[in-house]
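For reference, the structure discussed in these notes is given below.
The values are calculated or read from the model by the stated rules, or taken from the named source; none is laboratory data. It should be emphasised that the depicted structure is a prediction, and the values quoted were computed from it without experimental measurement. Here the Cβ is made from the backbone with ideal geometry for all residues, glycine too, and neighbour counts use every protein chain on show.
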Amino acid sequence: MDYKYLDSFVIKDEYTLGYDQSKIIAGLKKLPELFSMIKEIKIKPTNDHDRIIGILFYISLFSEVKDCKLYVDCETLAKRYRMKSPSPAMKHLKALTNVGFKFNPLRFAGSIKYVGSIKDMQKIHEILELIVSHDDTDILIALKVFADACGIYNRDYFAALDFRLLSTDAPKSYKPPKEELVPALKMKDILNKKSYDCISDNDKAFIIAFDEAMNGLGYDCWNTGFIYSKTGLKSKNKIAQIFISENEIKLRFYFKKINDHCTYIEKAPTHIKDAFAFEGGDCYCDGPCKGLRKYTIDGQLYDKCSHKMVYFNKPTIERLSDYIALFTEFYPVKGPR
């Protein structure tokens, strides 16, 4: 996206939080470079960069600016981010220290004894209040202003860095063009980025072929988490996802009403059937399992937690047609495309 429009940009007074417009705009101009740096952070799994940007959005949203620092309400953050133990949010916070952010826990929960550094802490809900600082105060102020505005509209605008909703020229119901919310990059171009060098050529070939097949069925990958949902819908419900690590990839489908498709599964190739008929898969949910899947295959009753389903480890391009056939069994194509 071309950010030259910021040179003649006027921000609505209701969004400025009392800060000088030139200071906010100076910070906005620095955010594209900051986000590029975040996407170069070496983390595992490699597709967690969108989560880092996500928690940056939330710490900006659930905070107050004092003395050019963000005072974050971590109780609200933990509830909104739906943290469980061990908390991935802490990993994402620590990753932000690689791009100039500093964190100072201020208040702690219960009997937690603070040991001196955020790096020593494991869970976000060990902290009640967190002070966030950055060497460049313009960046912090711009993040707060932009996150507050995106909180009114949609978090996707934050990830897309579309600042135009701040403008005095933006209508009250401003909606950036869809093609600008999601970068118009082909999967091949995305995988050519340095952050995906850890993926083997065979795995890249599978991801590209899978992406093309899903696009043809009317589903697209809408973020760097390789999550697929129905094209054109405002609500982004997960349908499929590819998980990436240094040594392998995993394909996951999000299926419901499995028992309605058991006849198909019983006749499917072994590598498909094994994703449903397997040992283990016990629920680890805290409380009653809301995603319990009960179904019968070859006369045997299975009682699985949805968190353990439906995974295909090390999927191959040779088996792609089987994965797509399974997908269309659960999500039939309606009408000609």
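Can you pull out the residues in the stretch 83-104 that are part of a helix (DSSP H, G or I), surrounded by 17 or more Cβ atoms within 10 Å (Cβ to Cβ) and at pLDDT below 75?
Hits for the stretch 83-104 are Ala89, Met90.
Quick check on the stretch 53-68. Is at least one of its residues among the acidic types (Asp, Glu) and within 30 Å of Cys198 (Cβ to Cβ)? Give the steps one after another, and end with the answer.
The first filter runs over the stretch 53-68 and keeps only residues among the acidic types (Asp, Glu), leaving 64, 67.
Retained after the next criterion (residues that are within 30 Å of Cys198 (Cβ to Cβ)): none.
No, the stretch 53-68 contains no residue that is among the acidic types (Asp, Glu) and within 30 Å of Cys198 (Cβ to Cβ).
Would you kindly identify the strands (runs of 3 or more DSSP E) lying entirely within the stretch 204-271 that contain at least 2 residues that are over 29 Å from Leu301 (Cα atoms) and at pLDDT below 90?
Details: elements: 219-221, 227-230, 240-244, 249-253.
Because the criterion is at least 2 residues that are over 29 Å from Leu301 (Cα atoms) and at pLDDT below 90, the strands (runs of 3 or more DSSP E) in the stretch 204-271 that meet it are 219-221, 227-230.
So if I check each of Ala170, Ala184, which one is of a type in the set (A, V, I, L, M), closer than 30 Å to Ala325 by Cβ, outside any helix (DSSP H, G or I) and modelled with pLDDT under 90? So that I can check it myself, show each step before the final result.
Details: Ala170 fails: closer than 30 Å to Ala325 by Cβ.
Only one candidate qualifies: Ala184.
Which one is farthest from the chain's Cα centre (by Cα) among residues in the stretch 294-310 that are assigned to a strand (DSSP E or B) and buried (at least 16 other Cβ atoms within 10 Å of the Cβ)?
The initial filter retains those residues of the stretch 294-310 that are assigned to a strand (DSSP E or B), namely 294-297, 300-305.
From the residues that got through so far, the ones that are buried (at least 16 other Cβ atoms within 10 Å of the Cβ) too are 295, 297, 302, 304-305.
Values: Tyr295: 30, Ile297: 34, Tyr302: 31, Lys304: 25, Cys305: 22 Å.
Per the stated criteria, the residue is Ile297.
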